[in-house]
Amino acid sequence: MYSTKMKGLGIIFALAAIETATAQSIMAVKVKPRVGEAAVWILKGGRATVIPDSATFSPLSWSSDARWIVFGSPAKAGLWRLALVDTTSAALSKYDLDGECSDPSWSPDGKAFVTSVSGSGIRLCKLAGSDPLWSPLLPSGTNPAWSPTGGKIAFIGSKGGPSGWISTDDGESARAFFKQSGADSLSWSPDGRTIALDVASKSGGEIFLVPPSGANPRNLAQIDNAPISWSPDAKSILAKQKGKWVVVSTTTGRATATALIGAMPQWSDSKTLAAIKDGALVFYQTEAQTTTPFIDTSLPEGQVEAFAAFRGLVLDGTFDNPWKKAPAPKSGQIRLIGTVQGVELEDDTAKINVWSVMTPDGMELHLANPLTQGIQVTSLSTRVGSNGNVRLEATDLSVDSEVMMVVEGTKAGVGGNLVVDHALLPDLVDDAAPGSDAFARPARILEHDGVCMDHVLVEMVFPVLGNVDWSDTFLASRGGGSRRHHGQDLIAPKMRQLVATFDGFVRFNRSSAGHYTITLKGDQGWTAVYMHVNNDSPGTDDGQGGERNAFAPGLRSGDRVAQGQLLGYCGDSGNAESTGPHCHFELRDDIGGGVFNATPSLERAKVITEPVCPAPVLDFSIKESELRWDAIVTKVDTIRKVIVAELIGERQPGGTAQAVAKPRVVYIKVGQDTTISVRSDSNDARKFEDLKAGQYLTAVGSLASTGNSLESRHIGVGLGLGQ
C-alpha cells in the first residue's frame with residue numbers, strides 16, 4: 001500500500017527506495033568482452049552471475065516474481081525463438097519453445113506467460129515444476145499483454161477490423177474494447193486501469209488511452225509509429241516523437257525529450273530510464289535531464305549488446321485519481337475505486353477488483369496488489385449523474401467498467417458484501433434531460449427492495465420463442481422468505497432462443513459463480529434482464545458450454561440490436577441448476593429506477609416464431625441455384641482454402657434472410673474463381689490469406705452444397721454486427 005499523505009519516517013523510506021533503486025536494479029545484461037564470446041549476466045542483489053551457453057541468446061523479459069527470464073534467439077525482425085532461464089540455478093533451460101514468437105508478457109503471479117507465435121496465434125506457457133507446458137490460447141491476434149491485476153489478456157486484432165481486444169486469461173470471451181483499426185502495439189498501465197495503444201495515422205502514430213471497458217478512449221499525443229511503455233507510477237509513457245525518445249505525461253500529453261538514442265530504453269523506476277549508449281548501460285534521470293553511466297565492477301569489460309530490466313515491483317509514487325474532487329466518505333464509510341469483475345443480478349451483488357481505498361480522514365491507500373471485494377446494491381443505493389442522484393441498479397454495472405463506490409464499512413477485503421451508499425460510474429450514459437418527451441416519467445414510489453407497484457405497459461416482443469409455460473410469480477417468496485421474486489419465470493427447454501424485446505444496446509455478463517445474464521438497455525428508457533442463460537454443452541448439464549452456447553454469435557457487449565434479434569439461449573445457470581431451465585425476465589426503469597411487474601407487458605407482447613435476421617452489412621443478389629450465408633469468421637485454413645465460421649443467417653433465392661436458431665459451425669470453401677469484395681469504408685484486404693477471425697462476411701455459393709459446407713462463388717467482407 002502507498003499513501004498520498006506520507007509523513008515522518010514513511011517519506012524518508014520512500015525516498016531511500018527511489019535513490020537506491022538504480023544501484024539495486026535487477027537486470028539481465030548481455031556483454032561482449034574484448035576477448036572471448038558474449039554471455040548474459042544476471043545482476044541481482046548486488047551480485048553478477050553468468051549464464052552458461054548464452055552467447056546466441058538475448059534477455060527479453062523477467063517473470064513477475066523475478067525468478068524466470070525468457071531469452072530469445074533472433075528469428076526474424078521482431079520475432080524470436082524462445083528459451084527459459086531459472087535464475088535460482090542460472091542455467092539456460094533445455095526446454096526450447098518452438099515457433100517464431102513476439103516478446104512475452106507474464107502473468108502477475110509469475111507462473112505463466114503469453115506470446116504471439118507466427119502462424120499459430122497467441123499461445124500460453126505455464127511453468128509447472130521444471131517443465132513448461134506450451135498450449136494454444138487464441139487462434140488469432142498479436143502483441144498479447146497480460147493485465148497487471150490478472151484475469152485478462154489484451155491483444156491486437158486483425159487488420160481492418162477492431163484492433164484492440166480483451167479475453168479472459170484462459171482464452172475465452174474475447175471482445176473488442178477499441179474498435180478503431182490501425183493499432184500496432186499496446187501496453188497496460190501498472191494499475192490495470194488503462195491500456196495505451198500505439199495507433200498508426202497519416203502523420204505517423206498516436207497514443208490512445210482506453211479503459212478495459214472501451215468507454216471514452218482518449219487521444220493523448222502524436223508520436224512516431226513505434227512501441228510504447230508505461231512508467232511504474234503510471235504518470236508517463238515512453239514513446240518516440242520525430243525520431244527521438246520522449247517521455248509523455250499521461251495527464252497533459254506534453255512530451256519531454258530525452259538524450260537517448262538507439263534501441264528502446266526500459267524503465268528502471270518511475271524517474272529513471274536504462275538504455276545502451278556507446279556500448280555501455282546508462283541511466284537517464286527523466287527529471288534531472290542527465291545520464292549517468294552504469295558502473296558495476298562485477299561485470300566484465302566489454303560492449304553491452306542487450307539487457308532486460310525487472311519491473312515487477314512498484315517502488316515509488318501513487319497513481320493518478322480521476323475522482324480527486326469527490327468528497328471523502330463519512331464516518332463509518334470507506335471509498336473504493338476499482339473495476340467490476342462480475343455481477344450477480346439475481347441478488348443485486350457484484351465483485352469489485354479494488355485498487356484504491358479512502359478512509360473518512362481523507363487518507364487514500366493505493367494497493368500494489370488489488371483485492372477483491374463483494375458489494376451489495378440496495379434500494380437506498382444511488383448513482384451520481386449529471387442530473388443529480390438516482391437509484392443505483394445492479395444492471396448499471398458492467399464487467400471491466402471502472403467505478404468509484406462509497407460503501408458502509410471500515411475496511412476492504414472482508415469476506416461479506418459491503419452495502420453501497422452511492423457510486424460514480426463514468427462509463428454510464430448520462431440520464432436523459434428532465435422533461436424529455438422520450439423519457440417522461442411520473443414520480444415513482446419504491447419499496448424497500450426497489451420494487452415499484454405502478455402498473456406499466458411497455459411495447460415489446462415476447463423474449464422467448466416457441467411454447468412457454470409461465471404464470472405471474474412477481475413478488476413470490478424466494479430464498480426461504482429472505483427476498484421477493486423480482487421477475488417472471490418463463491419456462492422453456494435449454495437452448496430455446498432468447499430475443500431482444502425492443503431496440504437497444506445489449507450487455508453480456510457472467511458472475512464469479514458462472515451465472516450468465518443478458519441486459520438489454522432499450523431506446524425508450526426501459527431495461528430488460530434475462531437471467532439463467534445457458535452455460536452447458538448441448539445435451540448435458542456440465543456447466544462447460546461457454547459463451548458460444550450462451551450468447552448469439554457475433555454480438556458483444558455494447559453492440560446495438562434490433563427488436564426480435566437473437567440474443568442468446570435459455571438455460572439453468574446460476575441458482576436455477578436445481579429448479580430446471582427457464583428465463584427469469586425482469587423489467588426495470590432506467591430513468592426513475594425500480595423493478596416492475598412485467599406481466600401486463602408480456603401478456604400484450606408481440607409473439608414471433610423465429611429471430612429477426614440482422615440487416616446484412618453487404619447486400620447483393622443471389623441466383624436461382626445459389627445459397628447465401630452470413631457468418632462470423634472463427635478460423636482461416638490457408639492450406640485447405642477453407643473458412644471456418646459461426647453461421648448467423650442464411651437466405652435462399654426468392655426468400656428472406658433467416659436467422660440461425662442454434663450455434664452452427666459452417667465451412668466455406670474458396671476456389672480459384674471465388675471473388676472477394678469489401679465495404680467501401682473498410683480497410684480489409686481483398687486476399688483470402690488476409691481474412692481474420694472475428695470478421696463478418698457474406699458468402700454466396702451453390703445451392704447444391706450439402707450440410708455445413710458451401711462452395712463459394714463470392715465472398716463479401718464487412719464490419720461486425722452492432723457497428
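Which residues, counting only those in the range 368-379, are modelled with pLDDT under 90 and in a strand (DSSP E or B)?
Initial filter on the range 368-379 (modelled with pLDDT under 90): 368-372, 378-379.
Result: ALA368, ASN369, PRO370, LEU371, THR372.
Within the range 348-367, track down each residue that is under 22 Å from ASP449 (Cβ atoms) and in a strand (DSSP E or B).
If we filter the range 348-367 for residues that are under 22 Å from ASP449 (Cβ atoms), which is where we start, we get 348-352.
Across the range 348-367, the qualifying residues are THR349, ALA350, LYS351, ILE352.
Are any residues in the range 583-609 part of a strand (DSSP E or B) and farther than 28 Å from SER381 by Cβ, and if so, which ones? Give the derivation first.
Residues of the range 583-609 that are part of a strand (DSSP E or B), as a first pass: 583-589, 595-596, 606.
The answer is LYS606, and nothing else.
Quick check on the range 547-581: of everything there that is among the hydrophobic types (A, V, I, L, M, F, W, C) and buried (at least 22 other Cβ atoms within 10 Å of the Cβ), which residue is farthest from ASP469 (Cα to Cα)? Explain how you work it out, then say what you get.
At the first step, the residues of the range 547-581 found to be among the hydrophobic types (A, V, I, L, M, F, W, C) are 550-552, 555, 561-562, 566-567, 570, 576.
Going one step further and asking which of them are buried (at least 22 other Cβ atoms within 10 Å of the Cβ), we end up with 550-552, 555, 561, 566-567, 570.
Numbers: ALA550: 21, PHE551: 22, ALA552: 23, LEU555: 28, VAL561: 26, LEU566: 20, LEU567: 20, CYS570: 13 Å.
Of everything passing the filter in the range 547-581, LEU555 is farthest from ASP469 (Cα to Cα).
Going through the range 190-226 one residue at a time, which ones are within 20 Å of LYS152 (Cα to Cα) and either assigned to a strand (DSSP E or B) or free of Cβ contacts under 8 Å to residues at least 60 places away in the same chain (or both)?
Listed by number, the residues that qualify are THR194, ILE195, ALA196, LEU197, ASP198, PHE208, LEU209, VAL210, PRO217.
Would you please list the contacts, defined by Cβ atoms under 9 Å and residues six or more apart or on different chains, that run from a residue in the range 145-160 that is closer than 24 Å to SER512 by Cβ to a residue that is among the basic types (Lys, Arg)?
Short answer, once both residue conditions are applied: TRP146/LYS152; THR149/ARG193.
For the range 662-697, give me each residue that is closer than 17 Å to LEU647 by Cβ, at pLDDT below 85 and part of a strand (DSSP E or B).
Residues satisfying the conditions are TYR696, LEU697.
Return the only residue of ALA234, ALA221, ALA259 being modelled with pLDDT under 80 and more than 24 Å from ILE42 (Cα to Cα). Let's see the steps before the verdict.
Details: ALA234 fails: modelled with pLDDT under 80; ALA221 fails: modelled with pLDDT under 80.
Exactly one of ALA234, ALA221, ALA259 is modelled with pLDDT under 80 and more than 24 Å from ILE42 (Cα to Cα), namely ALA259.
Of all the residues that make up the range 582-610, how many are of a type in the set (D, E, K, R), surrounded by fewer than 21 Cβ atoms within 10 Å (Cβ to Cβ) and at pLDDT below 90?
Here is the first cut: in the range 582-610, the residues of a type in the set (D, E, K, R) are 586, 588-590, 603-604, 606, 610.
Checking which are surrounded by fewer than 21 Cβ atoms within 10 Å (Cβ to Cβ) leaves us with 603-604, 606, 610.
Remaining after also requiring at pLDDT below 90: 610.
The qualifying residues number 1.
Tell me, which residue of the range 80-106 that is out of contact with any Leu (no Cβ under 6 Å at 6 or more places or on another chain) and under 16 Å from SER118 (Cβ atoms) is modelled with the lowest pLDDT?
Within the range 80-106, the match that is modelled with the lowest pLDDT is ASP96.
Return yes when SER135 is of a type in the set (S, T, N, Q) and part of a loop (DSSP other than H, G, I, E, B) and no when it is not.
Details: of a type in the set (S, T, N, Q): yes; part of a loop (DSSP other than H, G, I, E, B): no.
Considered against the rule, which asks whether it is of a type in the set (S, T, N, Q) and part of a loop (DSSP other than H, G, I, E, B), SER135 comes out as no.
Considering only the range 242-268, state which residues are surrounded by 20 or more Cβ atoms within 10 Å (Cβ to Cβ) and under 27 Å from the mean Cα position of the chain (by Cα).
Restricting attention to the range 242-268, the residues satisfying the condition of being surrounded by 20 or more Cβ atoms within 10 Å (Cβ to Cβ) are 245-248, 250, 255, 260, 265, 267-268.
Listed by number, the residues that qualify are VAL247, VAL248, THR250, TRP267.
Can you give me the number of residues within the range 631-677 that are hydrophobic (A, V, I, L, M, F, W, C) and crowded, with 20+ Cβ neighbours inside 10 Å? Steps first, answer last, please.
First, pick out the residues of the range 631-677 that are hydrophobic (A, V, I, L, M, F, W, C): 631-633, 636, 639, 642-645, 647-648, 657, 659-661, 665-666, 668, 670, 676.
Those left that are additionally crowded, with 20+ Cβ neighbours inside 10 Å: 631, 633, 636, 643, 645, 647-648, 659-660, 666, 668, 670.
Summing the residues that are hydrophobic (A, V, I, L, M, F, W, C) and crowded, with 20+ Cβ neighbours inside 10 Å in the range 631-677 gives 12.
The rows are residues; the columns are (1) within 26 Å of ILE518 (Cβ to Cβ); (2) at pLDDT 85 or above.
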residue: ILE334; (1), (2): no, yes
residue: VAL343; (1), (2): yes, yes
residue: SER381; (1), (2): yes, yes
residue: GLY385; (1), (2): yes, no
residue: SER398; (1), (2): yes, no
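Does LEU498 satisfy the criteria of being hydrophobic (A, V, I, L, M, F, W, C), on the phi > 0 side of the Ramachandran plot and outside the structural domain of THR349 (by TED's automatic domain parsing)?
Details: hydrophobic (A, V, I, L, M, F, W, C): yes; on the phi > 0 side of the Ramachandran plot: no; outside the structural domain of THR349 (by TED's automatic domain parsing): yes.
Judged against the criteria, LEU498 is not a match.
Exactly one condition in (1) part of a loop (DSSP other than H, G, I, E, B); (2) modelled with pLDDT of 85 or more is false for LYS240; which is it?
Among (1) part of a loop (DSSP other than H, G, I, E, B); (2) modelled with pLDDT of 85 or more, the lone unmet condition for LYS240 is (1).
Report yes if some residue within the range 3-18 is at pLDDT 85 or above, part of a strand (DSSP E or B) and either under 29 Å from LEU371 (Cα atoms) or basic (Lys, Arg) (or both); otherwise report no.
Just the residues of the range 3-18 that are at pLDDT 85 or above, to begin with: none.
No, the conditions are met nowhere in the range 3-18.
Listed here are the residues, each with its yes/no results for (1) crowded, with 17+ Cβ neighbours inside 10 Å; (2) modelled with pLDDT of 85 or more; (3) touching a Ser or Thr at 6+ places or on another chain (Cβ under 9 Å); (4) of a type outside the set (Val, Ile, Thr).
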residue	(1), (2), (3), (4)
THR410	no, yes, yes, no
ASP427	yes, no, yes, yes
ALA438	no, no, no, yes
ASP449	no, no, yes, yes
MET453	no, yes, no, yes
VAL461	yes, yes, yes, no
GLY480	no, no, no, yes
MET495	yes, yes, no, yes
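Report whether or not THR297 is assigned to a loop (DSSP other than H, G, I, E, B), modelled with pLDDT of 85 or more and assigned by TED's automatic domain parsing to the domain that holds PRO33.
Numbers: assigned to a loop (DSSP other than H, G, I, E, B): yes; modelled with pLDDT of 85 or more: no; assigned by TED's automatic domain parsing to the domain that holds PRO33: yes.
The answer is no for THR297.
Among the residues of the range 345-358, which ones are hydroxyl-bearing (Ser, Thr, Tyr) and either in contact with a helix residue (DSSP H, G or I) (Cβ under 6 Å, 6 or more places away or on another chain) or modelled with pLDDT under 85 (or both)?
SER356
Looking at (1) at pLDDT below 85; (2) over 18 Å from CYS613 (Cβ atoms); (3) of a type in the set (Gly, Ala, Ser); (4) touching an Asp or Glu at 6+ places or on another chain (Cβ under 8 Å), which one does ALA657 not meet, given that it meets all the others?
Among (1) at pLDDT below 85; (2) over 18 Å from CYS613 (Cβ atoms); (3) of a type in the set (Gly, Ala, Ser); (4) touching an Asp or Glu at 6+ places or on another chain (Cβ under 8 Å), ALA657 violates only (2).
Kindly check whether there is at least one residue in the range 48-61 that is in contact with a Pro (Cβ under 6 Å, 6 or more places away or on another chain) and modelled with pLDDT of 80 or more. First the steps, then the outcome.
Let us first name the residues in the range 48-61 that are in contact with a Pro (Cβ under 6 Å, 6 or more places away or on another chain), namely 61.
Now restrict to residues that are modelled with pLDDT of 80 or more: 61.
Yes, some residue in the range 48-61 is in contact with a Pro (Cβ under 6 Å, 6 or more places away or on another chain) and modelled with pLDDT of 80 or more.
The values are calculated or read from the model by the stated rules, or taken from the named source; none is laboratory data. Computed from a prediction, not measured in an experiment: that's the story for all the values here. Positions of Cβ are backbone-derived with ideal geometry, glycine not excepted, and every protein chain shown enters the neighbour counts.
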